Amino acid sequence: MDRQQEYVLRTIEERDIRFVRLWFTDILGALKSVAVAPAELEQAFTEGIGFDGSAIEGFTRVYEADMIVQPDASTFQVLPWRGDNPGTARMFADILMPDGTPSMTDPRHVLKRALDAAADDGFTFYTHPEIEFYLFKEPYEPGTAPVPVDQAGYFDHVARGDGHDFRRAAITMLEEMGISVEFSHHEGGPGQNEIDLRYADALSMADNIMTFRTVVREVALQHGALASFMPKPLYGQPGSGMHTHVSLFEGDTNAFYEPSAKYEISQTGRRFAAGVLMHAREICAVTNQWVNSYKRLWGGGEAPAYVCWGHNNRSALLRVPMYSIGKGHSRRLEVRSIDSACNPYLAYSMVLAAGLKGIREGYELPEEAEDDVWSLTEGERRAMGIDPLPQSLGEAVAIMEESELVAETLGEQVFDFFLRNKWQEWSDYRSQVTPFELDRYLVRL
């Protein structure tokens, strides 16, 4: 037993923790958990806990259902919203096969494989997300339009605003769990908020994002509100993205930084950016995995619908932030297509894999887009070599289906399940008769 595991066992005893939840996600990013009694935890560290993997969507088939969940002691945290005594704690867990090998269908393992590939090239991958979400009034009645908790806009300071109290409580709880927050503010839509997490290695950050979503939902409920990470919950209002700043480090050196280069982006950084752009259409079904995701991408509000980059262009898919000029450690790229409802383990795996492919194969970064890409005509975009992102989940899945990069990064089992699940979602969506159709056609036709 290592020192981290010993620390966990000692803390559980000292703080009278009676319930320990082991967290993991299914392939679509839904959080799962199993509660372990403290007396069983030492064995869980060494041998894991058996469970029926066939009951978790996409994990395994019925005739090979036995799987093991094994806690990662480095992720131990007490859950502050369960402040009762005795207390409750959580750890993220890895999913193993009965012989102790990693499960190929564990999203956390998919990201670990991608990070190992980066490490083989001498890189550590860091991410820094800006997570947007909406707060709606409770109770929400299914089938009706959700009601935002306020009518404020971007950076608005609302006296006695529900958002102030909510963000203060959410940030306090996140920091109690060891998750550092850089900024928070009201976003552009009514009831829309943004909280930015301080950068961390991609695996820690993916864990943090899953914790973040849980904390935000818990705090919202405490404030009589419903928090939603749905990419486009309101017609005519901005969608919720998860713009993510990314960088590669070689030891303590930022591999994206070159002080004498244009925008201080090194050749490594430019090739990484070129890789993300080259494969953006292929990975879109992973970074934007829901039918609703494409209503955000194609609904305006600065959402990036076209494959291009710019240094100060918020309509671009990839941006070079200019507020960190002269700060070598802070030189980074901002990927703006990812939405807040993705599986962060898989989304970060795909962004990293695309960028590494650009570095390994020496991709050339195209000319930057200096105009508002939304305002250009289709002919102007075509002349500039600017391709559109997929316009629907169906188109995105069809493109992904032909991608060797996505298949290799996700692995055969995750790739196959993801395709089947998303084709079914697209089929279910297309068969629906929507309120839009009823309002427009029922009486007229």
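We did not get these values from a lab; they are worked out from the coordinates using the rules stated. As the structure is a prediction and not an experimental result, all values here were calculated from the model. Heads up, the Cβs are rebuilt from the backbone with ideal geometry, glycines too, and the neighbour counts pull from every protein chain shown.
If contacts are Cα pairs under 8 angstrom and at least 6 residues apart, what is the relative contact order of the chain in percent? Don't jump to the answer; show the numbers that get you there.
On the way: 854 pairs, mean separation 64.2, N = 445.
Answer for the chain is 14 percent.
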Pairwise Lys count, the chain - Cα closer than 29 Å, eight or more residues apart or different chains = 17
task = Calculate the spin-label point distance for SER431 paired with ARG10, positioning each point 7 Å from the Cα along the beta-carbon direction, and give it in nanometres.
result = 5.8
remark   = the stretch 63-125 and the stretch 385-413 have their Cα centres apart by a whole-number Å value of 26
key: Relative contact order (%) - the stretch 3-99, alpha-carbon pairs under 8 angstrom, separation at least six   = 32
request  = Please report, to two decimal places, log10 I(q)/I(0) for the chain at q = 0.07, 0.08 Å⁻¹ as given by the Debye formula with identical point scatterers on the Cα atoms and no solvent.
outcome  = -0.36, -0.47
query = What is the magnitude of the charge dipole of the stretch 3-99 about its Cα centre, with +1 placed on the Cβ of each Lys and Arg, -1 on the Cβ of each Asp and Glu, and no other charges, expressed in debye to the nearest 20?
reply = 400
note = So the compactness index of the stretch 88-149, its C-alpha Rg divided by 2.2 N^0.38 Å, takes the value 1.86
task = Could you tell me which trypsin sites (Lys or Arg not before Pro) in the stretch 288-385 are loop residues by DSSP with no more than 14 other beta carbons within 10 angstrom of their beta carbon?
result = ARG314, LYS327
Part-to-part distance (alpha-carbon centres) for the stretch 218-268 and the stretch 23-46, which is given in Å = 28
ask   = Which one of GLU404, GLU412, GLU364 has the biggest mean-square fluctuation once the chain is modelled by GNM with Cα springs under 10 Å?
value = GLU404
message = Starting from the 7 Å offset along Cα-to-Cβ, what nm value, one decimal, do you get for the label separation of ASP252 and GLN222?
response = 3.8
ask   = When ranked by the protection proxy of mean other Cβ atoms within 10 Å per residue, highest first, what sequence do the peptides 169-177, 197-205 form?
value = 197-205, 169-177
ask   = What is the magnitude of the charge dipole of the stretch 113-436 about its Cα centre, with +1 placed on the Cβ of each Lys and Arg, -1 on the Cβ of each Asp and Glu, and no other charges, expressed in debye to the nearest 20?
value = 380
query = Just going by the charge dipole of the chain, with Lys and Arg at +1 and Asp and Glu at -1 on Cβ, which of VAL406, TRP423, ILE12 is farthest out on the positive end?
reply = TRP423
note = Check: C-alpha center the stretch 280-311 vs C-alpha center the stretch 164-195, spacing in Å is 24
ask   = Each label point is 7 Å from the Cα along the Cα-to-Cβ direction; what then is the distance between the points at GLU176 and ALA119, in nm?
value = 3.3
ask   = For the chain, modelled as a GNM with alpha-carbon contacts under 10 angstrom, which of LEU333, LEU297, LEU376 fluctuates the most?
value = LEU376
ask   = Ranked highest first by average number of other Cβ atoms within 10 Å, how do 126-135, 98-107, 421-430, 301-310 line up?
value = 126-135, 301-310, 98-107, 421-430
query = If you average over every viewing direction, what projected area does the convex hull of the Cα atoms of the stretch 3-99 give, in nm²?
reply = 6.4
remark   = Between the residues ALA119, ALA152, LEU203, the Cα farthest towards the positive end of the dipole of the stretch 113-436, that dipole coming from +1 and -1 charges on the beta-carbon of Lys, Arg, Asp and Glu, is from ALA152
task = With springs connecting C-alpha atoms under 10 Å apart, model the chain as a Gaussian network and identify which of PHE212, PHE272, PHE19 has the largest mean-square fluctuation.
result = PHE19
